[in-house]
Amino acid sequence: MSQSPIEEAPFLSEKRLGSESKHGLAFAKPCRRTKAGIYGAAQALDVGATWVNQGVFAFAVLLAQTTIDAPADRYFGRLQMSSLRVRYETMQLKKRYETHELLPEETEHLLVLTQDSFDSWRRAYPEDAWLPSTGYEIAQLYAELPGGTARTRAVTLYVYVKSQFPKTKYAAESRDALHRGVSVKPDPAWAREKRAAMHTPAPSPSPVPTQTPASAPTPSSTSSPAGATPSPKGSPPAYR
């Protein structure tokens, strides 16, 4: 007996769903029973939906990989610094400290604010390619500053870099720094001198003596006879 067109309608076969259906190329043999064919089609659609979901997930993963680095217009921390600004500020603070423009306590205060932006950045983009170098540079500057707090912050960042980015050169340098030991630096002499100069009032300038001009001599008045009234100069002689 001949089969009806509905019974001969091709559907995706259950046997080939595992291989070719993921590429969208599965073609099935004709189903001899309409009910079975409809069931097979439903299964194919369900697998197709699963494949679509997997494709969406793969696309999301790919998209996440393309945005693994922080955008230039993304800002972090209390000072709202971009990743580029964090790197620039770290470099400038190091330069200003080493040229004695900033005191140790001033440098540490500004560096703590810069690290606040760095910490916010690394939490948002933990795989950013700039994180190991930036973290290492901040740790290096902390290691130059005096005091136990700066030393603890340096060690913490060295450990972070070597643990989170073990295959980078900055991880190797961080391991070397930890192996050598991070010592507590003393307060530098130039900083003490600078503080003393800032708190010592400048001597007031001595008044410059000004030369007082000699008083002009007062013309001596000629004595006149008592009761005589001097006649004006050049007055004509009196006629008798």
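Table for the structure above
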quantity	calculated
Complete set of residues in the range 63-75 that are loosely packed, with under 10 Cβ neighbours inside 10 Å and either outside any loop (DSSP other than H, G, I, E, B) or at pLDDT below 50 (or both)	Leu63, Gln65, Thr66
Test: residue in the range 198-220 that is outside any loop (DSSP other than H, G, I, E, B), under 26 Å from the mean Cα position of the chain (by Cα) and at pLDDT 55 or above	no
Those residues of the range 81-139 which are free of Cβ contacts under 8 Å to residues at least 12 places away in the same chain, among the hydroxyl-bearing types (Ser, Thr, Tyr) and closer than 21 Å to Asp187 by Cα, in sequence order	Thr99
Members of the range 113-124 that are open to solvent by 40 Å² or more (accessible area, probe 1.4 Å) and not acidic (Asp, Glu)	Arg122, Arg123, Ala124
Every residue from the range 133-150 that is hydroxyl-bearing (Ser, Thr, Tyr) and open to solvent by 10 Å² or more (accessible area, probe 1.4 Å)	Ser133, Tyr136, Thr149
Yes/no for Val159 being more than 30 Å from Ile68 (Cβ to Cβ) and modelled with pLDDT of 95 or more	no
Top-ranked residue of the range 91-112 - restricted to ones that are of a type in the set (A, V, I, L, M, F, W, C) and within 20 Å of Tyr170 (Cβ to Cβ), ranked as most open to solvent (accessible area, probe 1.4 Å)	Met91
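The values are calculated or read from the model by the stated rules, or taken from the named source; none is laboratory data. Owing to the predicted nature of the structure, the values given are computational and were not obtained by experimental measurement. Backbone-built Cβ (ideal geometry, glycine too); neighbour counts: all protein chains shown. Note: areas computed on protein heavy atoms with side chains; ligands, DNA, RNA excluded. Shrake-Rupley method; radii C 1.70, N 1.55, O 1.52, S 1.80 Å.
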